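Just below is one structure, and these are the notes that go with it.
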Amino acid sequence: MIRYILVDTRYIFMSNSVYIENQEQYKKAVNHYLSPNRKDSVKTQWEEKFSISVIGNAIKHLEETYSPKSLRIMDFGCGLGEGFILVQNALESINLADKQVSYLGLDNSQDMVNVASEQWESSPNVKFQVNDFRYEIPEQPSEIYLSCGVPYSHLTQAEARGSLEQICQRIKQNKTKSLIVVDVLGRYSIEWVTKWQESRWEYRMSFVADGKEQKPMMMTCYYAPDIQQIIEEAAQKENCQIQKIEFCDRSIMAGRHTSTLEYNPNIPPYRHLINSLYNSEETTDFQELILTPPSETAPSEVTEFFGTFSRMWNQLIKEAAEFCSEELEISETIELPESLAGFREELSQFKDNKQDKSFRAHVVEPTLANYLYELESTFQPGLGVGHTLIALAYVDGTK
């Protein structure tokens, strides 16, 4: 029996001119990726939970629409094969744990492929090979062309388009109905408002666990309409039909650079604060959690989203503070949507315990954290306003 441990290690692709340098950067960051300290509450109770839900719903749509006999998965920038674990967890979440799955992990690091192959040697349905998906997509048919850990962001837009054209070419060639998962950095994350006017810029993994200086690497960030256009152009060129494209924003409020403050020093360290809500040994400052909408220039739908989202976010914090007999600098009171309105009612069930000092840390704060996650996951607009933008393209190559 395989024991599945969700590890978020990705080996990323980059332009040839910086290949060697960035390869060394990722080798240095491996300890961070494998460190148990990286598996904080945000990672396990927000990010992984959301990713499993997104992939689970996508597979469910494949099942309902195409009814594939098995799932053949090709994972780009596979690292140690955590994409396979994500799919396994997603299948379990939709009661399809017995679904037959074959997995091919592709990575342009021979060392990474060697380690992954050794770790999964007892699983005959899991294979790895060296590959650079900018230049070559294996010919074997796949129902899911997977990516996670933003490998497409390490490519230029032209390289991303070329890779997607090749994928669509394989879908047409093999006459499959397939899901393409394109995982990229969101352009309008609150983590990097100072970079909003640029689509490609020097990005540093300054959040790595070893605390050493990290050299920058070029990364491309995406607004949803831009990546949609690239996917549609790729499919059209290869004469594939797109059934639909969906977008999801992950980690709107808790990307790792909300704690480094490297690209936006004017926000509170939200990831640290949300982790604190889950930590019964800490008392979180509710006032620090307040969100002021970004004032930088952005498309109107992005600006409107942050305005609406911040009011709901702040209302939840206000209700938590009021329950703890605190007053915050939030003058506005709004009526929350039905999915969030139960927060006050849930807390009121414990009104007899509200004077207990430990009650705040053990009940109020983690309950607030869960409702904040509900807000973020339910009302995410799929625009590119989070740390990660996930595009789900259902492509038909049978016609």
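The values are calculated or read from the model by the stated rules, or taken from the named source; none is laboratory data. Just so it is clear, the model here is predicted, and its values are computed rather than measured. Virtual Cβ from ideal backbone geometry, glycine too; neighbours counted across all protein chains shown. Please note that ligands, DNA and RNA were not included when accessible areas were found on the heavy atoms of the full protein model with its side chains. Shrake-Rupley method; radii C 1.70, N 1.55, O 1.52, S 1.80 Å.
Does the range 109-130 hold any residues that are outside any loop (DSSP other than H, G, I, E, B) and under 15 Å from residue 71 (Cβ atoms), and which are they?
Once the filter is applied, which keeps residues that are outside any loop (DSSP other than H, G, I, E, B) and under 15 Å from residue 71 (Cβ atoms), the range 109-130 yields 126, 127.
How many residues are under 30 Å from residue 271 (Cα atoms), in a loop (DSSP other than H, G, I, E, B) and not small (Gly, Ala, Ser) when one looks only at the range 238-254?
2
Take the residues in the range 91-108 that are acidic (Asp, Glu) and outside any loop (DSSP other than H, G, I, E, B); name whichever of them is surrounded by the most Cβ atoms within 10 Å (Cβ to Cβ).
Here the answer is 107.
For residues that are touching a residue at least 40 places away in the same chain (Cβ under 8 Å) and not in a loop (DSSP other than H, G, I, E, B), scanning just the range 290-302, find the one that is farthest from the chain's Cα centre (by Cα).
301
From 202, 191, 198, 238, which residue is at pLDDT 95 or above and open to solvent by less than 10 Å² (accessible area, probe 1.4 Å)?
Every option except 191 fails the conditions.
Somewhere in the range 73-82, is a residue open to solvent by less than 40 Å² (accessible area, probe 1.4 Å), part of a helix (DSSP H, G or I) and modelled with pLDDT under 95?
For the range 73-82, residues open to solvent by less than 40 Å² (accessible area, probe 1.4 Å), part of a helix (DSSP H, G or I) and modelled with pLDDT under 95: present.
Just wondering, is there one or more residues in the range 319-329 that are under 25 Å from residue 54 (Cβ atoms), surrounded by fewer than 20 Cβ atoms within 10 Å (Cβ to Cβ) and out of contact with any Cys (no Cβ under 9 Å at 6 or more places or on another chain)?
No, every residue in the range 319-329 fails to be under 25 Å from residue 54 (Cβ atoms), surrounded by fewer than 20 Cβ atoms within 10 Å (Cβ to Cβ) and out of contact with any Cys (no Cβ under 9 Å at 6 or more places or on another chain).
Please work out which residue is surrounded by the fewest Cβ atoms within 10 Å (Cβ to Cβ), limiting yourself to the range 248-269 and to residues that are of a type outside the set (S, T, N, Q) and in contact with a Gly (Cβ under 6 Å, 6 or more places away or on another chain).
Only one residue fits best here, namely 248.
Just a yes or no: is a residue in the range 42-49 aliphatic (A, V, I, L, M) and either assigned to a helix (DSSP H, G or I) or modelled with pLDDT under 95 (or both)?
yes
Restricting to the range 270-302, name every residue that is open to solvent by 70 Å² or more (accessible area, probe 1.4 Å) and not charged (D, E, K, R).
272, 283, 292, 295, 297, 300
Only one of these conditions is not met by residue 137: (1) touching a strand residue (DSSP E or B) at 6+ places or on another chain (Cβ under 9 Å); (2) surrounded by fewer than 17 Cβ atoms within 10 Å (Cβ to Cβ). Which number is it?
Every condition holds for residue 137 apart from (2).
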